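The values are calculated or read from the model by the stated rules, or taken from the named source; none is laboratory data. For clarity, every value in this text was computed on a predicted model and none was experimentally measured. For neighbour counting, all protein chains shown are included, and Cβ atoms are generated from backbone atoms with ideal geometry for every residue, glycine included. Protein only, heavy atoms only, side chains kept; ligands, DNA and RNA dropped before computing areas. Shrake-Rupley method; radii C 1.70, N 1.55, O 1.52, S 1.80 Å.
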Amino acid sequence: MPDFPADTFLGGVSPETAKHLMAAGTLAEYADRRPLLRQGDAGSHVLLILHGMVKIVTCTVEGHDVVLAFRRAGDMVGEMAALEHRPRSSTVVARGNVTVRVIQWPTMKKLLGQYPDAGASLLQMLSARLRWANQRQLDHHAYRAVIRLARGLVELARLHDPSQHGELETRREIPVSLTQEELASLAGLALTTTQKALAELRRDGLVEVSYRKIIITNFPKLLVLSKLIDENP
């Protein structure tokens, strides 16, 4: 049984419940950059990510792609459309090879009723995502650009190791390849503002940047700058 992070949907259930969830539906594999779900499509199923990482992106009415988040093994995606019987609100794209279980919503509802810890984990997941979205709105008004970028980098680093033990490491590589445009979108900043903030972080010896690769060179100091040091990952 894979050891999923505790703050994911599958990581929040017992091994026995996880075994039943992972046996439901059908197995599907997606190559790098292939869409798993598309914005605007009808949503009658959810995906449980068993391996790999995905990018959540939405297209605005002006035609601009906005990166909302990344999800990793253990996470569920597609639940909003399934719960509300509405079209998909975003597109889910594989970043690297991804393996998922495709579960129709009626089947998932039955499983949630059979296994109370699965229902509790789903509620916890939805609550955490709502709290995160509220915090992002607050960040936009409360922090200057370099702090918002630092917060985004800390969150990305925690995708690989969400435990507090990993916070003690000085060097940490961002576990996903990103363009500066994607990083700017994720942080809610203009591209030029992001480039200036990255330059400031480089001057302060906090990050190294190369083509689609970011290494945090002093994670404890970046954590202090981000003001996330006392917040749960």
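Segment residue 58..residue 132, full-extension length gain: 24.9 nm, with 0.36 nm per residue of separation and the alpha-carbon distance subtracted. Considering only 217, 145, 18, the residue lying farthest towards the positive end of the dipole of the chain is 145, judged by Cα position with unit charges set on Cβ. Taking amide H positions as modeled 1.01 Å from N, with prolines and chain starts lacking one, the residues under 5 Å from residue 37 and 5 or more places away or on another chain are 92. GNM remark for the chain: springs join alpha carbons under 10 Å apart, and the peak mean-square fluctuation among 188, 11, 63 falls on 63. For region 1-96, taking the reciprocal of the average inverse distance between every pair of different Cα atoms yields a Kirkwood hydrodynamic radius of 14.0 Å.
Using equal-weight Cα scatterers in the Debye expression, the normalised intensity of region 114-194 in log10 at q = 0.11, 0.14 Å⁻¹ is -0.39, -0.61.
For the chain, averaging the sequence separation of C-alpha pairs within contact (under 8 Å, six or more residues apart) and dividing by the residue count gives a relative contact order of 20 percent. The lysines whose alpha-carbon is closer than 21 Å to the alpha-carbon of residue 109, local same-chain residues fewer than 8 away aside, are 19.
On the protein heavy atoms, probe 1.4 angstrom, tell me the percent of accessible surface of the chain carried by carbon and sulfur.
On the way: 6440 of 12040 Å².
Carbon and sulfur: 53 percent of the exposed surface of the chain.
Tell me, what is the percent relative contact order of region 47-147, built from C-alpha pairs under 8 Å that lie six or more residues apart? Rounded, it is 28 percent for region 47-147.
Give the relative contact order (percent, whole number) for region 175-218; include only Cα pairs under 8 Å separated by 6+ residues. Could the numbers behind the result be given before it?
Details: 36 pairs, mean separation 14.8, N = 44.
Averaging sequence separation for qualifying contacts and normalising by length gives 34 percent for region 175-218.
Both the radius of gyration and Dmax for the chain are 17.9, 54 Å, in that order, over alpha-carbon atoms.
Centroid-to-centroid, using Cα positions, region 93-167 and region 40-81 are 11 Å apart.
Which whole-number value in Å² is the accessible area per residue of the chain, probe 1.4 Å? Write out the running numbers ahead of the final one.
Working: 12040 Å² over 233 residues.
With all protein chains present, the chain gives 52 Å² per residue.
Can you give the charge dipole size of the chain about its Cα centre, rounded to the nearest 20 debye, using +1 on the beta carbon of Lys and Arg and -1 on the beta carbon of Asp and Glu? Please list the in-between numbers first.
On the way: 29 positive and 25 negative charges, 67 e Å.
Roughly 320 debye, rounded to the nearest 20.
Coupling constants for region 125-138 follow from the phi torsions by the Karplus curve (6.51 cos²θ - 1.76 cosθ + 1.60, θ = phi - 60°), and in residue order they are 4, 5, 5, 5, 5, 5, 4, 4, 5, 5, 5, 4, 4, 5 Hz; glycine and proline get x.
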